[in-house]
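Asks: Let me begin by handing over the structure; questions about it come next.
The values are calculated or read from the model by the stated rules, or taken from the named source; none is laboratory data. Computed from a predicted structure; not experimentally measured. Quick reminder, even Gly has a Cβ in these numbers, built from the backbone with ideal geometry, and neighbours come from all protein chains shown.
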């Protein structure tokens, strides 16, 4: 299993690679300058366990790289890292399939926490709670209850002793699992499907 970083800026690429190697010292980290190099790199270096993509890659239009990667590797976590402020860019990337959007100006410790949160959210060992046709992890069920209590991301982070980035990752995963786009839709789904 390998982690793939695609960014045309060498310094950013190397910095992200360094963070990933610190996080998972045994993992193979593959640095790529162009999106077009990805398929050959996967053949050479093995199946992916993480993708980190720059949003503004040369020769790539908008979020097409995000969509393309998610079509091929839907279950593999994908992080978009960009110099563009979050806001609309973040929403567009999430809609295209990204699991996480990080601004390049984000401190290294926060980037590390966010990516660790992404891996934690993907933990297959986490016990699954089944409610009707919906399978949720214990953490996802916990989040629904916290959303019902009206807690903000900051409040949830404090209560669970995790970063706000990690809360966002868990919420995005929950939204995707329930096929909803907001907290309100999540609570509506939870109430109509007996999850609360």
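Asks: Inside segment 140-172, can you point out the residues that are under 14 Å from residue 116 (Cβ atoms) and in a helix (DSSP H, G or I)?
Replies: Answer for segment 140-172, where residues must be under 14 Å from residue 116 (Cβ atoms) and in a helix (DSSP H, G or I): 157, 160, 164, 165, 166, 167, 168, 169, 170.
Asks: Here is a follow-up. Residues that are part of a loop (DSSP other than H, G, I, E, B), at pLDDT below 90 and either closer than 18 Å to residue 11 by Cβ or assigned by TED's automatic domain parsing to the domain that holds residue 10 (or both): does segment 109-118 have at least one?
Replies: Filtering segment 109-118 for residues part of a loop (DSSP other than H, G, I, E, B) gives none.
No; the residues of segment 109-118 include none that is part of a loop (DSSP other than H, G, I, E, B), at pLDDT below 90 and either closer than 18 Å to residue 11 by Cβ or assigned by TED's automatic domain parsing to the domain that holds residue 10 (or both).
Asks: Inside segment 95-108, can you point out the residues that are more than 11 Å from the chain's Cα centre (by Cα) and in a loop (DSSP other than H, G, I, E, B)? Working first, answer last.
Replies: Going residue by residue through segment 95-108, those that are more than 11 Å from the chain's Cα centre (by Cα) are 95-96, 103-108.
Across segment 95-108, the qualifying residues are 104, 105, 106, 107.
Asks: Turning to a different aspect of this structure: For segment 1-18, give me the residue count where each residue is crowded, with 18+ Cβ neighbours inside 10 Å and touching a residue at least 24 places away in the same chain (Cβ under 8 Å).
Replies: Restricting attention to segment 1-18, the residues satisfying the condition of being crowded, with 18+ Cβ neighbours inside 10 Å are 3-7, 13, 16.
Those still in the list that are touching a residue at least 24 places away in the same chain (Cβ under 8 Å) too: 3-7, 16.
Total meeting the criteria: 6.
Asks: Within segment 20-43, can you find the residues that are within 23 Å of residue 58 (Cβ to Cβ) and in a helix (DSSP H, G or I)? Outline the logic, then answer.
Replies: Initial filter on segment 20-43 (within 23 Å of residue 58 (Cβ to Cβ)): 20, 29-43.
Once the filter is applied, which keeps residues that are within 23 Å of residue 58 (Cβ to Cβ) and in a helix (DSSP H, G or I), segment 20-43 yields 20, 35, 36, 37, 38, 39, 40, 41, 42, 43.
Asks: List the number of the failed condition for residue 34; all other conditions in (1) more than 20 Å from the chain's Cα centre (by Cα); (2) modelled with pLDDT under 90 hold.
Replies: (2)
Asks: Would you mind finding the one in 181, 168 that is closer than 20 Å to residue 50 by Cβ and at pLDDT below 85?
Replies: Numbers: 181 fails: closer than 20 Å to residue 50 by Cβ.
Of 181, 168, the one residue that is closer than 20 Å to residue 50 by Cβ and at pLDDT below 85 is 168.
Asks: Right, here's the next one. Quickly run through segment 35-55 and pick out the residues that are over 17 Å from residue 70 (Cα atoms) and surrounded by 14 or more Cβ atoms within 10 Å (Cβ to Cβ).
Replies: Within segment 35-55, 45 is the sole residue that qualifies.
Asks: Find all pairs meeting these conditions: Cβ atoms under 6 angstrom apart; at least six residues apart or on different chains; first residue within segment 59-75 and outside the structural domain of residue 101 (by TED's automatic domain parsing) and under 15 Å from residue 6 (Cα atoms); second residue modelled with pLDDT under 90 and assigned to a loop (DSSP other than H, G, I, E, B).
Replies: none
Asks: For segment 180-192, give me the residue count where each residue is part of a loop (DSSP other than H, G, I, E, B) and within 13 Å of residue 140 (Cβ to Cβ).
Replies: Pass one, segment 180-192, residues part of a loop (DSSP other than H, G, I, E, B): 180-182.
Add one more test, that the residue is within 13 Å of residue 140 (Cβ to Cβ), and what stays is 180.
Selection size over segment 180-192: 1.
Asks: Still on this structure, I have one more. Do the conditions hold for residue 99, that is, is it at pLDDT below 90, closer than 22 Å to residue 22 by Cβ and touching a helix residue (DSSP H, G or I) at 6+ places or on another chain (Cβ under 8 Å)? Write out each step before concluding.
Replies: Working: at pLDDT below 90: yes; closer than 22 Å to residue 22 by Cβ: yes; touching a helix residue (DSSP H, G or I) at 6+ places or on another chain (Cβ under 8 Å): yes.
In short, yes.
Asks: Which residues, counting only those in segment 44-94, are more than 20 Å from residue 34 (Cβ to Cβ), touching a strand residue (DSSP E or B) at 6+ places or on another chain (Cβ under 7 Å) and not in a loop (DSSP other than H, G, I, E, B)?
Replies: Across segment 44-94, the qualifying residues are 49, 89, 90, 94.
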